[in-house]
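Since the structure comes first, as structure tokens, the remarks are kept for the end.
The values are calculated or read from the model by the stated rules, or taken from the named source; none is laboratory data. Keep in mind the model is a prediction, meaning the values are calculated, not measured. A quick note on method: Cβ atoms are made from the backbone with ideal geometry, for glycine too, and the neighbour counts reach across all protein chains shown. Surface areas here come from the heavy atoms of the whole protein model, side chains and all, with no ligands, DNA or RNA. Shrake-Rupley method; radii C 1.70, N 1.55, O 1.52, S 1.80 Å.
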Amino acid sequence: MLHFILIRLARALLTILIMVTFAFVVLRVSGDPVLALLSPETPASVVEAFRQSWGLDQPLWVQYLRYLLAIVHGDLGQSMRDGRAAVVVVAERIPITLLLTVPALILNIAIGIPAGILAALKRDSFVDRAVMTSAIAGFTVPSFVLGLLLVLVFAVELPWLPSGGAGSIQQMILPVVTLGVGGAAVLARFTRSAMLEVLGEAYIRTGSAKGVAWRRVISGHALPNAAIPILTIIGFMIGNLIAGTVLVESVFSWPGLGSLLVVSVMSRDLAVVQCILLFVAAAMIIANVLVDLLYGVLDPRLRGTGRASGGA
Amino acid sequence: MTKFELTRRNVLAGALAATVSASTGFKVTQAHAAGTARKALRVGMSGYPRTLDPVIATDTAIRRVVPQLFDTLITREQNASMALKPGLAERWERIDAQSLRFFLRQGVVFHDGGPLTADDVAFSLGQDHLLGPGRKGATEALAMLDGIDRIDIVDAHTVIVRTKGPDALLEQRLAAWGSEIVSKRAFDAAGSWEKWTAAPVGTGPYRFVSQKLDVNVVLAPHDAYWGGRPSFESIEYRIIPELAARVNGLLAGELDLVTDIPPDQFADVRKRAELEITGGPVQNIRTLVLDKTDPILKDPRIRRAMSLAIDRKLLVETLWDNALPIPNGYQLPTYGAGYIEDFPAFAYDPEKAQALLNEAGYKGEEITYRLLNNYYPNQVSGAQAMIAMWREVGLNVKIQMMENSGQLKQKPVHAIFDSSNTALFLDHLGHPWWEYGPYGAWTQAGVWENQEYFALGAKLRETVEPEQRRPIIRRMLEIIHDVDPPSIVLHVSGQFYAKRKDLPWLPGQTLELNFGPSNPGLTRT
């Protein structure tokens, strides 16, 4: 187990280093960060002074080594737009984004899994077709289109909810629904497939033939066996949720990590972008490790191997 | 951080409040002590002001907030003339070509209650302030005010501003961006630039209350304001970068005014009886910069042909609802004595364009158009229309999409690209010279230089008499239009707002927002 954890940790660090390096290089070669931040008409003397004050007049490799050294010392740099430490700017947005992503994930699971199970149990019925049609619709409509539609209906035409901003429960509803619908649709489809596969297994027929109650067959045998691919999908969905906040937070003016990332990339606020990417990488790695560990909980055969044989 | 209280009662109360506030529109908050109800103003704007000190930067987002917080010694009428008028100085007089004497208003107080004195003026226009954090000189105001030599304090309410050389435009400079007067006492008390910019103190009609990065800036009225009682109980600038989200906020009654509305949104806003579109041309000119170091564009005849091939009237009619003027030359009528009224208008003459191309021996060589994705409103559709117009006369212009303005300037440029330039002050020296003078943005980028133009500009800087200045300006205009064009002028830029009709605010001719009592629409509210 220690060996497994050490290998995962080394891979995680390598992943973070690759991502940090990639972000560092791409952000700098795709345009001068100073010119991106300042207006095009800014005098050259001001541009040069700004460049010097942020160390951007140094060669790229010097900037990179300085950056890595600073990270090792726990310094993720300062925001060029805000002047504060980048980690502070990013840290204050994390809970605001979690206010969207956690309820959205709960919504994904609360709608997606029961709907998928129901569709599988009622295969080829009207219920199955209705659930799958809704799932396809939910999956194919882009989140920004859904968000704008929800705003037009529930904020503009029926003034029941605010159109955007953050600060109240009401302002959470539309973005959470927007973020949650797509994931619920994906989960419903995967749950249905996983359940159908399990329901065709011999042990399900055996359980039924033995006279075990159908409800018990489903909850005791079908669901635990279908859970591994579903869990894998939920692991991926955490990444999708973070990516989804980029669009949803923009549509709803929600001041979280997603909107901060958009503004920071546009203005080449290097330290903040890199700090966000570090956080996202860490979140994804932690989510994947948790999913791996949960495999072992769900399937005793996988304990000690640290990896799932089933799933995606 | 945003604070949430998750109780059932709060949820129900919040839902009710959201419904009620959304249906009542322009929100009356409370009666003012003076007896007249004042309203909270909610403004949706696209960008967050990265600083609120007036000298550091001049981004549009900053200039939308700063005029509420600070005043200048000299200000401008908010009308078509944009004439100079007294601000914090009740009067001023020319001593000579290098100095102006200012008589400050008595009884002006800062937001913290301290009185305005000559010390504040000397500090605001002095090196400790103009050079910015660490006295490094990384301020945009310095580029315009670096000609100031020193401020002599005569008495508590009289100062003399002296320049290093003759400066005919000192009055204009002191009415422009970056010359706002800040409180020296509050600056000293803050102890650092970081603390100062987090809560700046001026004499303006509104005082700073709070700001949250990418969320909002909140101001409260400064009831001791020298210019009259401010009209609003509070002003909240909400930062909403997405156009659709801004418009939806207005349609839902959550905002009273939103900025940066492109013409394709006009019809949707006008469908609502309670809303209207306002705004129009501002003191900014949209251009296409031409790199004369390019092997093709080095021939001025090709640059002139590109200009003659553009039907500007059609562009403005189709893309801008015919709401923007086409100037006669790189100049604006508000330049006053420096405006050359009879300078010829831009011609649309495809035949002459073709003749010039033939004369130059142009054989369809490719000209690159570095284009950003709608950094300016209607930028891409305008570019596509111009490509078609150029094709009509035989010009082969190809678009190369770019991601940011830094990429536009990557050397070798060898291309054309869009620009817009706001008049720092209303004169040739405060506008085209700012782009094409020896220290101008595009000259520094290495795409253009013209020694005759530079020499004339240097002469103009030292020429005070209007009648002596006009021939110089005329020749400078001829150089940048016909002799050796650094750019193609397209039209005057516009800024349009969508707002509630019951908000009597009127936009000015700049990108700044003025919610103070000097706004003609708010004077009697």
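Could you work out the Rg to Rh ratio of chain A, with Rh taken as the Kirkwood radius (inverse of the mean 1/r over all Cα pairs)?
Answer for chain A: 1.06.
When a/c is below 1.5 the answer is rounded, else prolate if a/b is larger than b/c, else oblate, so apply that to region A:2-91 with a ≥ b ≥ c taken from the square roots of the Cα gyration tensor eigenvalues.
Prolate.
Please compute the per residue accessible area over chain B with all protein chains in place, 1.4 Å probe, rounded to a whole number of Å².
Each residue of chain B exposes 40 Å² on average to a 1.4 Å probe.
Got a number for carbon plus sulfur as a percent of region B:309-459's accessible area, 1.4 Å probe?
50
Using a 1.4 angstrom probe on protein heavy atoms only, which residues from region A:165-213 are buried by at least 50 Å² of accessible area when all chains are present rather than their own chain alone?
A:Ile169, A:Gln170
In the P(r) worked out for the protein assembly as shown, what percent of Cα pairs fall beyond 50 Å?
Of all Cα-Cα pairs in the protein assembly as shown, 26 percent lie more than 50 Å apart.
Taking H placed 1.01 Å from N in the peptide plane, check which residues at least 5 places from B:Asp71 or on another chain put their amide H under 5 Å from its amide H.
Sorted by chain and number, the residues that satisfy this are B:Ile181, B:Thr203, B:Gly204.
Under a 10 Å cutoff between Cα atoms, tell me which one of A:Val20, A:Val297, A:Val262 has the largest fluctuation in the Gaussian network model of chain A.
Sorting by GNM fluctuation, first place goes to A:Val297.
List the residues whose amide H sits under 5 Å from the amide H of A:Gln78, counting only those 5 or more places along or on another chain, with H placed 1.01 Å from N in the peptide plane.
Counting only residues 5 or more places away or on other chains, the set is A:Ala86.
State in Å² the accessible area per residue of region A:94-255; use a 1.4 Å probe, count heavy atoms of protein chains only, and round to the nearest integer.
45
Which whole-Hz ³J(HN,Hα) couplings does region A:226-234 yield from phi under the Karplus relation 6.51 cos²θ - 1.76 cosθ + 1.60, θ = phi - 60°, glycine and proline marked x?
Computed from phi, the couplings for region A:226-234 are 7, 5, 5, x, 5, 4, 4, 5, 4 Hz.
Return the Cα extents of region B:213-306 along principal axes one, two and three, sorted largest first, each rounded to a whole Å.
59, 39, 27
Once every Cα of region A:94-255 carries one equal point scatterer and solvent is ignored, give the base-10 log of I(q)/I(0) from the Debye formula at q = 0.09, 0.14 Å⁻¹, two decimals.
-0.36, -0.73
Roll a 1.4 angstrom probe over the protein heavy atoms and tell me the percent of accessible area of chain A that is carbon or sulfur.
71
Can you compute the FRET efficiency between B:Glu341 and B:Lys85 using 1/(1 + (r/R0)^6), with r the Cβ-Cβ distance and R0 = 30 Å? Round to the nearest 0.05.
The computed FRET efficiency comes out at 0.80.
Taking the Cα-to-Cβ direction at A:Ala70 and at A:Asp124 and moving 7 Å from each Cα, how far apart do the two end points lie in nm?
6.4
Taking every eigenvalue of the Cα gyration tensor of region A:182-288, multiplying by 5 and rooting it, what semi-axes result, largest first, whole Å?
One finds semi-axes of 43, 13, 8 Å for region A:182-288.
Over chain B, what lengths in whole Å, largest first, do the semi-axes of the equivalent ellipsoid take, defined as the square roots of 5 times the eigenvalues of the alpha-carbon gyration tensor?
40, 32, 20
Probe radius 1.4 Å, ligands and nucleic acids left out: can you give me the accessible area buried at the A-B interface, summed over both chains, in Å² to the nearest hundred?
It comes to approximately 3800 Å² buried between A and B.
Which shape class, rounded, prolate or oblate, goes with region B:336-391 when its Cα gyration tensor gives a ≥ b ≥ c as root eigenvalues, a/c under 1.5 marks rounded, and past that a/b bigger than b/c marks prolate?
oblate
Going by the alpha-carbon gyration tensor, a ≥ b ≥ c the square roots of its eigenvalues, is region B:405-453 rounded (a/c under 1.5) or, if a/c is not under 1.5, prolate (a/b greater than b/c) versus oblate?
oblate
Students often get this wrong, so check it: of B:Lys298/B:Lys363; B:Lys39/B:Lys85; B:Lys164/B:Lys411; B:Lys313/B:Lys398; B:Lys85/B:Lys499; B:Lys352/B:Lys398, which have C-alpha atoms separated by over 25 Å?
Table pairs above 25 Å Cα-Cα are B:Lys39/B:Lys85; B:Lys164/B:Lys411; B:Lys85/B:Lys499.
At 7 Å along the Cα-to-beta-carbon direction for both B:Asp128 and A:Leu2, put a label point, then send me their distance in nm to one decimal.
Roughly 6.3 nm, to one decimal.
Under unit Cβ charges (Lys, Arg +1; Asp, Glu -1), what dipole magnitude, rounded to 20 debye, does the protein assembly as shown have relative to its Cα centre?
Approximately 3020 debye in magnitude.
Compactness ratio of region B:84-161: Cα Rg over 2.2 N^0.38 Å, N = residue count?
Cα-based Rg divided by the globular estimate yields 1.15.
Testing the spin-label approximation: label points 7 Å from Cα along Cα→Cβ at A:Thr21 and B:Glu392. State their distance in nm.
5.4
Compute accessible area for region A:235-283 by itself and then with all protein chains, 1.4 Å probe, and report residues whose area falls by 50 Å² or more.
By number: A:Ser253.
Grab the DSSP H runs of the protein assembly as shown that are 4 residues or longer, score each as -39,500 (n - 2.57), total them, divide by all residues and round the 222 nm result to the nearest 500 deg cm²/dmol.
-14000 deg cm²/dmol
Taking amide H positions as placed 1.01 Å from N in the peptide plane, with prolines and chain starts having none, which residues 5 or more places from B:Ile399, or on another chain, fall under 5 Å of its amide H?
B:Tyr369
Quick check: the distance between the Cα centres of region A:239-296 and region B:413-468, to the nearest angstrom?
Using only Cα atoms, the two centres lie 44 Å from each other.
Using a 1.4 Å probe on the protein chains only, how many percent of the accessible area of region B:44-118 belongs to carbon and sulfur?
48
Subtract the Cα-Cα distance of B:Glu351 and B:Asp188 from 0.36 nm times their separation in residues, and report this length gain in nm to one decimal.
Result for the pair: 52.2 nm of gain on full extension.
List, by residue number, every residue in region B:204-247 with a reduction of 50 Å² or greater in accessible area between the chain on its own and the complete protein assembly, 1.4 Å probe.
Buried by the other chains: B:Leu213, B:Asp214.
If each residue of separation counts as 0.36 nm, what is the full-extension length gain between B:Gln106 and B:Gln451 once their alpha-carbon separation is subtracted?
Length difference between fully extended and current span is 119.4 nm.
Quick one: Cα centre-to-centre distance for region A:104-119 and region B:270-325, in angstrom?
What the calculation gives is 53 Å, centre to centre.
Can you tell me what the convex hull of the Cα atoms of region B:396-525 projects to on average, as an area in nm²?
In nm², the orientation-averaged hull projection of region B:396-525 is 12.0.
If you take every DSSP beta bridge whose two residues both sit in the protein assembly as shown, what share of them, in percent to the nearest 5, is antiparallel?
Expressed as a percentage, antiparallel bridges in the protein assembly as shown total about 75.
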